[in-house]
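Input: a single structure, listed below in structure tokens.
Any read-out appearing in this document is the output of simple, stated calculations on the displayed coordinates, not a laboratory observation. As the structure is a prediction and not an experimental result, all values here were calculated from the model. As a convention, Cβ positions derive from the backbone with ideal geometry for all residues, glycine included, and neighbour counts pool all protein chains shown.
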Amino acid sequence: MNHFNVIQPEVSQILPDLRTLSRATGRFRKGPGSSIQLARETTLVEASTLIKPVAIWAKIEISQNDSSIFPVWLAKKASRVESIAGIVCTIGDQLENMSRKYFSMGQNTRGYILDQVGSLAVARLASQVAEQLRRELNALYWAPGDDTTDVTLSAQRWLFDLIPAQKIGVRLTGQNVMVPVKSLSFFLLIRTGQAGLKCAIPCQRCIWNGACDQRMQKTSSGNSAA
């Protein structure tokens, strides 16, 4: 088994702020004192007690045969590297369980906002883990599911065969979907000759759903993302 590393950031590091949550949950005509704004504020407080951020990663040596798990256009790049970093991130299942509970009770707004907090939090967790590893590696980012040709998520199954994600409470279903739902996996292809963290796909197709730190900085500055 590959040597693996576990990263456990503080919840405050990945919890979205009120402005980000407001943008993600839509605009309303009423001002900051409206009931929807109050729901956002209270949900953020509640989410801080439900989110359990953790990531596990390992550096994996790959062979020529291994590159076949990637889309054709990416396999060409993968064939020129000696190793990759495989990463699985999650915020646990407490938040998504509570969100489902709110929906079952008919509290749809609360359930929806809590779900959005979870999506933003796990995206930011993945982004920050990638940023941390970028300081050590020159790499090209790619995630299972980012490419429309990867419909079976076979790369995800391969990743889970190599990394003991169960140690952080993440497993795969028979359809290669991660459980808990608020989990993300991705690869960093090492020694590609790229400077710093680069993404192999445009923002519109990214599993981080535009919530990575790089995209948020572009949005805040008024520039459109790639």
Most packed first (mean Cβ within 10 Å per residue), the peptides 176-187, 85-96, 104-115 order as 85-96, 176-187, 104-115
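Report the local net charge at Val181: Lys and Arg +1, Asp and Glu -1, summed over other residues whose C-beta lies under 13 Å from its C-beta.
Local net charge: 0.
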The FRET efficiency for Ser34 and Glu61, from their Cβ-Cβ distance with R0 = 41 Å and rounded to 0.05, is 0.15
For region 82-125, using Cα atoms only, the Rg and Dmax in Å read 14.1, 52
Taking alpha-carbon centroids only, region 84-109 lies from region 110-182 a number of Å equal to 14 Å
